[in-house]
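Reading through the structure tokens given below for one structure.
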Amino acid sequence: MSSAPTLSIDPAAFHADPYPILAEMRAGAPVCFVPELGATLFTRRDDVFVQEKRIDLFSSHQPDGLLTRVMGANMMRKDGDAHMFERKALFPALSPRTVRDVLAPQFRDIVQGHIDRLKPQGQCDLVTDYAMPVAADALRVMTGLTNMDAADMDAASQAMLDAAANYQRDPEVDAKGYGYAARVQTLIEERLPELRAAPDLSIISVLDQAGLSVDAIAGNVRVIIGGGQNEPRDAIAGTVWALLTHPDQRALIAAGQATWEDAFAEYVRLVAPIGMSPRRVAKAGEACGVDFEEDELIFFMFGSACRDSAHFADPDRFDLTRDTGPAIPFGAGPHFCAGAAASRTLIAGYALPMLFDQLAGLTLDGPVPFAGWAFRGPTTCPVRWTS
Ligand code: HEM
């Protein structure tokens, strides 16, 4: 066990609202061992920013971890050259140029299609009726899994993530997660002959063109479905909630004093959709004055780092005028989110502005509960509009 001070938490309270507990940790025990999570947490922004780059000590390679078992070997759980090879192979599918020239026009059409479908209804749950299908359709385009529909994509993402967090080994959760993992591979194998005949810039195609095996493609596509579905969903619905509950901030956009990019960046700072990224201690060593033993588990707490008052004045406030530069909701090391540019374009370029422009009188229609600390977002977001 690490030499960090031990700090016990109430897991239910942490799940409901981790921020007061994380603030206490940052102030009093910024690197602390939490027995209920079986891990040592790094909670300050500068510690996460520096230590995440020490891959010799804090490794992503976790071959026995649940995520690797469910999803298969993938770039997120590799280090060094093995990681870089797959990361470089993925680049053409999500590069700024591909986002601008290939993905952006498709994102715009996807968003328009969902707004046209919803507009006559006058009300909806923004999480399940808008943010979820927008994120899923964008992911179908990015991955090349056009033989999957939006609901299936969402179900696959949730089932595989649930199995990857199934520390209680519930057999039903495992059966569902591993079932969807197998289905994803079948769907990739179904698409490969077409993509080999006509290669494109989809994730499946670029990984295949770089020579990855079908198993390696499947491992990476599964992890991208896991991370690329819920996070844009949570960021879309969450940013809408933040703007509807802070009309003064929304007015800044209307007045041209802030942008949709500012709103997206400030929301993911305030409520990081991925609050934590785990690492395994690769060898005994020291960091931030704490001694670590080989094979311990540590968590880099992005959600906490993004509310560190050393960088953000009044960090619990939603403020579009602040400098979000030091925020790290997409990570701060070699595993920095490969989908960050695509997400920004989908959400700040289309999903937010088109929704507010086209649904007049958009307003909240009920409470918006939030849940989670490793993954966090609104569980429902009822809204209505006038025309
Ligand atoms: C708002 C949306 C998103 C957020 C907040 C987010 C956040 C993150 C975070 C925190 C990490 C881990 C970084 C680390 O450990 O240092 C990550 C990794 C990753 N993300 Fe995202 N993500 C989002 C959307 C997406 C999308 C849409 C895709 C792909 C289509 C994607 C692909 C990836 C990949 C491939 C990795 C692993 C990169 C590597 O291991 O080198 N993400 N993301």
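The values are calculated or read from the model by the stated rules, or taken from the named source; none is laboratory data. These numbers were taken from a predicted model, which means no experiment stands behind them. Don't worry about glycine lacking a Cβ; one is built from the backbone with ideal geometry, like all the others, and counts go over all protein chains shown.
Things worth noting here:
- D47 being buried (at least 17 other Cβ atoms within 10 Å of the Cβ), of a type in the set (D, E) and modelled with pLDDT of 95 or more: yes
Quick grid of which residues meet (1) within 15 Å of the chain's Cα centre (by Cα); (2) within 16 Å of the ligand (Cβ to nearest atom); (3) over 20 Å from F375 (Cα atoms); (4) among the hydroxyl-bearing types (S, T, Y):
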position: A136; (1), (2), (3), (4): yes, yes, no, no
position: Q168; (1), (2), (3), (4): no, no, no, no
position: A182; (1), (2), (3), (4): no, no, yes, no
position: E190; (1), (2), (3), (4): no, no, yes, no
position: Q209; (1), (2), (3), (4): no, no, yes, no
position: N230; (1), (2), (3), (4): yes, yes, no, no
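- Which numbered condition G65 fails, given (1) at pLDDT below 95; (2) more than 21 Å from the chain's Cα centre (by Cα): (2)
- Region 214-228, subset modelled with pLDDT of 95 or more and surrounded by 24 or more Cβ atoms within 10 Å (Cβ to Cβ), residue nearest to the ligand (Cβ to nearest atom): I224
- Being out of contact with any Leu (no Cβ under 8 Å at 6 or more places or on another chain) and either over 20 Å from I328 (Cα atoms) or without any contact (Cβ under 8 Å) to a residue 24 or more places away in the chain (or both) is a description that applies to A12.
- Subset of region 138-160 that is surrounded by 24 or more Cβ atoms within 10 Å (Cβ to Cβ) and hydrophobic (A, V, I, L, M, F, W, C) - its residue that is farthest from the chain's Cα centre (by Cα): L145
- Only listed residue being exposed (fewer than 14 other Cβ atoms within 10 Å of the Cβ) and within 16 Å of the ligand (Cβ to nearest atom), chosen from P20, P63, P35, P105: P63
- Where helices (runs of 4 or more DSSP H) fall wholly inside region 301-359, the ranges with 3 or more residues that are away from the ligand (no atom under 14 Å from the Cβ) are 352-358.
- For region 250-300, the tally of residues that are part of a helix (DSSP H, G or I) and either within 16 Å of the ligand (Cβ to nearest atom) or touching a Gly at 6+ places or on another chain (Cβ under 7 Å) (or both) stands at 11.
- Cβ-Cβ distances below 6 Å connect the following pairs, each with a first residue in region 210-221 that is in contact (Cβ under 8 Å) with a residue 60 or more places away in the chain and under 18 Å from A164 (Cβ atoms), a second residue that is β-branched (V, I, T) and part of a helix (DSSP H, G or I), and a separation of six or more residues or different chains: A218/I188; V221/T143.
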